[in-house]
Each structure stands twice: as C-alpha cells, then as structure tokens.
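Colleague: I'd like to ask you about the structure that follows.
A short reminder: the numbers here are calculations on the coordinates, not readings from a lab. In this text, all values refer to a predicted model and were calculated from it rather than measured experimentally. Please note: Cβ atoms are built from the backbone with ideal geometry, for glycine as well, and neighbour counts cover all protein chains shown.
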Amino acid sequence: MFALESRDGYRPLVEQDLVVLVGLTGAGKTTLARALGYPTLPNRRELTDRYVLGEPVADRVERFRRVAAWRERHPGGVAELLAQGYAPPMPLWLFDGLRGEGELAYALRHLPRARFLVLELDHGTRLLRLLTRGDAFDRAEAGDGDLLALARGVVPEAALREALRVAPVEEVRKKLRIVVEEAKNYGYGGVRRVLGESPRARFLDAKRPVEALAAEARAWLEGAHEDR
C-alpha cells in the first residue's frame, strides 16, 4: 500500500488527506490507530526496515543509532519518504508515526494535507508501559552502569523505583536504555516548537483511556475537514 515510485492506481501522498500519529514508544499510537479504524499505511518500523536500514535490526538502541546516522543525510527523516510516496487513493490515510523536530518540520512543509495527532506521555509512564506490554520489538542489550545515573534527567527516581517493583533490574535496564535513547533523539521540546501553534495539530494526553482519545481525535478531524 506504499511505494516510492508511481504505480497504476496509486496517487502521490502529498495529494491525499493524511493523519499522522506523533509520539514516542509506549505513548499508545498503535492502540489509538486500532481504535480509530482508519486505513493505515505501512508503519514507521516497516518503512525504516525497507528504505532506511535495508534489513530488520532487532536491538532498539542500535536502530536509533543507525537511523540517526541516516538522518544526518536526510534531516526530514521518515517524512521525506512520505512526501515522495504513492498510495492507492483513500478518503483518509493514517500513518504511525513521525517523531522529532526535523521530521515534523519537514512534514508540515511538504505534506500540505496532513493533520497531526500528538500523544504526550511522561517518560516514567512510558518505561512502565514498556515493561508490561510484552512487545517483542522492545529489545535492547542491558549494558551496565548505575540505573539512577542512566535515568537522570529523563525518568524520575520515583518512577524508576516503581519500575523495579514491576520487573527485575536487568529488564528495567533494557527498557530504560530504550526510553533514554529515544528521549535523546526525539525530545518533546522539538514537537512543541514545530506543532505547538499549528491548527493542523492536536495534542492528546496519552494517560487518558483510548476510547476518550479516539472520540476527541475523530471530532477534531471531522471539524478540520469541514473547515476546508
């Protein structure tokens, strides 16, 4: 359902309505996508494997490093792929998802019919979700070093203590490395700088139940469509 070259029956994505989910791992993008039920493009993971890495890379921290190196040459990141892409015509496509200041700035400029649903969630809650959701993709080497030092400035000590009540220390260390590395590469501040004042973006409190988030998102998207 996505190609970087023109195909019979496909149209450029820049000419189609697109909903982009924005949020870090554990924010609930996949759950919200299912609740919304819109037709979905191949997600970020699939596009990254296919066009950026050329192969699946299991370790999340290693993925971040390789993608960061690719972004040095492509500051628009995955948004560049979307802007160059083609898909069958649909009333609305959903993409999960973009992240980081560079990608979002590029998408805002080059995907004129895109709307952005931003899921905001604190890093401590993200860590707890990664420890309990059982996603095989959440893999990283445990590494070594002091947990408090690793978490400093990202995950509060109280949240770290709660995480240690949920899972063994080595499992906490693995998931914490994912949370910290992702926060370093795709901080929330950049999202607010790019989309904070945009009428094309809706910020959602990802601690709320998914049913409430989906209802708010649908109402906003329908209103945005009527305003055109």
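Colleague: Given a Förster distance of 41 Å, report the FRET efficiency between residue 192 and residue 7 from their Cβ-Cβ distance, rounded to the nearest 0.05.
Modeller: The computed FRET efficiency comes out at 0.65.
Colleague: Pairing the Cα long axis of helix 123-133 with the longest principal axis of the chain, what angle in degrees results, from 0 to 90 and rounded to the nearest 10?
Modeller: The angle comes out at about 90 degrees.
Colleague: Right, next: Based on the alpha-carbon gyration tensor of region 177-228 and its eigenvalue square roots a ≥ b ≥ c, which shape applies: rounded if a/c is under 1.5, prolate if not and a/b is larger than b/c, or oblate?
Modeller: It is oblate, given that a/c is not under 1.5 and a/b is not larger than b/c.
Colleague: In angstroms, what radius of gyration and Dmax does region 67-126 have, counting Cα atoms only?
Modeller: Cα-based Rg and Dmax for region 67-126 come out at 13.0, 40 Å.
Colleague: By counting other Cβ atoms within 10 Å of each Cβ, how are 96, 8, 17 ranked from fewest to most?
Modeller: With the fewest neighbours first, 96, 8, 17 line up as 8, 17, 96.
Colleague: A follow-up question, please. Using a Gaussian network model of the chain with C-alpha springs under 10 Å, which one of 146, 59, 122 is most mobile by mean-square fluctuation?
Modeller: Result for the chain, Cα springs under 10 Å: 146 fluctuates most.
Colleague: Compute the long axis of helix 101-110 from its Cα atoms, compare it with the longest principal axis of the Cα atoms of the chain, and write down the angle in degrees, 0 to 90, nearest 10.
Modeller: On a 0 to 90 degree scale, this one is about 10.
Colleague: Still on this structure, please answer the following. For 95, 116, 64, which order do you get if you count the other beta carbons within 10 Å of each Cβ and list the fewest first?
Modeller: The order, fewest Cβ neighbours first, is 64, 116, 95.
Colleague: Of the peptides 217-223, 79-85, how do they stack up when ordered by the mean number of other Cβ atoms within 10 Å, highest first?
Modeller: Averaged packing, sorted descending, gives the order 79-85, 217-223.
Colleague: Sticking with this structure for a sec: Tell me which of 128, 190, 160 sits at the most positive position along the dipole axis of the chain, charges placed on C-beta atoms (Lys, Arg +1; Asp, Glu -1).
Modeller: In the chain, that residue is 160.
Colleague: Tally Lys and Arg at +1 and Asp and Glu at -1 over the other residues with C-beta under 13 Å from the C-beta of residue 34: what net charge comes out?
Modeller: Its environment carries a net charge of -1.
Colleague: Provide the percentage of antiparallel DSSP beta bridges, counting only those with both residues in region 11-213; round to the nearest 5.
Modeller: Here the antiparallel bridges make up roughly 10 percent for region 11-213.
Colleague: Normalised radius of gyration for region 45-94, please: alpha carbon Rg relative to 2.2 N^0.38 Å, two decimal places.
Modeller: 1.29
Colleague: Please determine, in degrees from 0 to 90 and to the nearest 10, the orientation of helix 157-166 with respect to the longest principal axis defined by the Cα atoms of the chain, where the helix direction is its Cα long axis.
Modeller: Helix 157-166 sits roughly 90 degrees off the main axis of the chain.
Colleague: Could you check the simple spin-label distance between residue 212 and residue 122, using points 7 Å along Cα→Cβ, in nm with one decimal?
Modeller: It is 1.6 nm.
Colleague: Per-residue ellipticity at 222 nm for the chain, helices alone: DSSP H runs ≥ 4 residues times -39500 (n - 2.57), over residue total, nearest 500 deg cm²/dmol?
Modeller: That comes out to -14500 deg cm²/dmol.
Colleague: If you build a Gaussian network model of the chain, linking Cα atoms that sit under 10 Å apart, which residue out of 28, 76, 37 swings the most?
Modeller: 37
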